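Taking it in order: structure first as structure tokens, then the write-up.
Taken together, the values in this text are just the output of simple stated rules run on the coordinates, not laboratory data. Computed from a predicted structure; not experimentally measured. Cβ atoms come from the backbone with ideal geometry, glycine included; neighbour counts cover every protein chain shown.
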2 protein chains.
Amino acid sequence: MIICGVDPGLTRCGIGFIEAGASHRLSFIHVDLVRSSPHDPQDARLLAIFNGLSRQLDTYLPDVVSIERVFAQENRNTVLGTAQAAGLAMVAAAQRGIPVALHTPTEAKLAVTGNGKANKAQVQTMVAKILSLNALPSPPDAADSLALAICHALRPEGAIQGGEREEHLTQAQKQWADAARKAQSSRVHRDM
Amino acid sequence: MIICGVDPGLTRCGIGFIEAGASHRLSFIHVDLVRSSPHDPQDARLLAIFNGLSRQLDTYLPDVVSIERVFAQENRNTVLGTAQAAGLAMVAAAQRGIPVALHTPTEAKLAVTGNGKANKAQVQTMVAKILSLNALPSPPDAADSLALAICHALRPEGAIQGGEREEHLTQAQKQWADAARKAQSSRVHRDM
């Protein structure tokens, strides 16, 4: 199963692909950044992101696309552009009949490091470790897209469900599964 | 010249078309709402909006698309969905090589009523008057999309530029032109 992760952004949109095999064996396929120039008009930038993501999906043909869930509470200047890039990733997937999953940054960090507040360097290091890379993912800021793909591969409601396979998980993965289960049982519906 | 106005929304996205002729003569072509069901997953909803807007553009072939500018400051629950719908309208236009203009709700209200804080009913009434409609635009909540199209037709940097044609403007249009000029000279760059 090929899983695509998308770390949405209007200037730099991370997109990564991994293969999820038997017994949670995850291997690296590809990672890239789709870019647009801040000097271009908004419509040209969004079209560049949309075309770039579409091309990547057509090249690597994922079975599912795991996209970072964007929250309005994040009061950054860039939140609208980020939400728009996430929306374009959803449309590009939906046009191809590819299922979409949304995961929060906390879920992704927990999945790869066991710590929902891990920093960039920790995420990069653990992504490289999980995918048996010889070096950190390059470009480094594309590691988050791979983390989102890994997060989806290891999500409790899929791979870990039933419990009988949890013995294969690393300590960090078990911690994440526990945290995700707790989060799920107390989750408030915060739809976009 | 055919102008398309888009009032972005994820549940109800207004889209209207007007023809701008000589001497600011504006006539009505079509208005509609593109909808998506709140019960559908986010990706299906965005695809429905994108396909609906694309079909309308292919039917009425506008020369320009005037879209409401969305601000992050609006701390509504729906702001991300609104921004995503606006982004999809921009991509649908850009795919067809149609220029995009962004106008604020205040600019649109000023353009049609002379009052940047006009209520829905005032906007609907004035839209009907400017476009010589026998009744209020239907559906009523699609009037804002026509207001955005009218706003673009009457914008100072186009039709009104040079001043020599300002004699053709109504009192409300002159007021708006003044206000828009003032706003433009003091405008802070608030990019999305």
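Quick rundown of the values:
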{"quantity": "Antiparallel bridge percentage (DSSP; both residues within the range A:2-160; nearest 5)", "calculated": "65"}
{"quantity": "Local electrostatic count at A:Gly16 - Lys and Arg +1, Asp and Glu -1, tallied over other residues with Cβ under 11 Å", "calculated": "-3"}
{"quantity": "Label spacing, shortest first and in nm, from B:Asp63 to its equivalents in the remaining copies (7 angstrom along Cα→Cβ)", "calculated": "5.3"}
{"quantity": "Net +/- balance of residues flanking A:Pro139 in space, Cβ distance below 9 Å, scoring K and R +1, D and E -1", "calculated": "-1"}
{"quantity": "Rounded Å value of the spacing that divides the Cα centres of the range B:92-136 and the range A:1-40", "calculated": "40"}
{"quantity": "Filtered trypsin sites (Lys or Arg not before Pro), the range B:12-57: DSSP coil and at most 12 other beta carbons within 10 Å", "calculated": "B:Arg25"}
{"quantity": "Estimated D of the range A:2-160 in µm² per second, where Rh is the Kirkwood radius over Cα pairs and Stokes-Einstein applies at 10 °C, 1.306 mPa s", "calculated": "103"}
{"quantity": "Average beta-carbon neighbours from other chains, 10 Å sphere, peptide B:35-46", "calculated": "4"}
{"quantity": "Gained length - A:Leu136 relative to A:Ala22, 0.36 nm times residue gap less alpha-carbon distance", "calculated": "38.6 nm"}
{"quantity": "5 angstrom amide H check on A:Thr104, placed H, neighbours 5+ away", "calculated": "A:Arg69"}
{"quantity": "Using alpha carbons only: equivalent-ellipsoid semi-axes of the range B:1-92, gyration tensor based, whole Å", "calculated": "25, 15, 10"}
{"quantity": "In nm, spacing of pseudo-spin labels at B:His30 and A:Arg12 (7 Å Cα→C-beta vector)", "calculated": "4.3"}
{"quantity": "Descending semi-axes in whole angstrom, ellipsoid equivalent of the range B:71-144, from the Cα gyration tensor", "calculated": "24, 17, 12"}
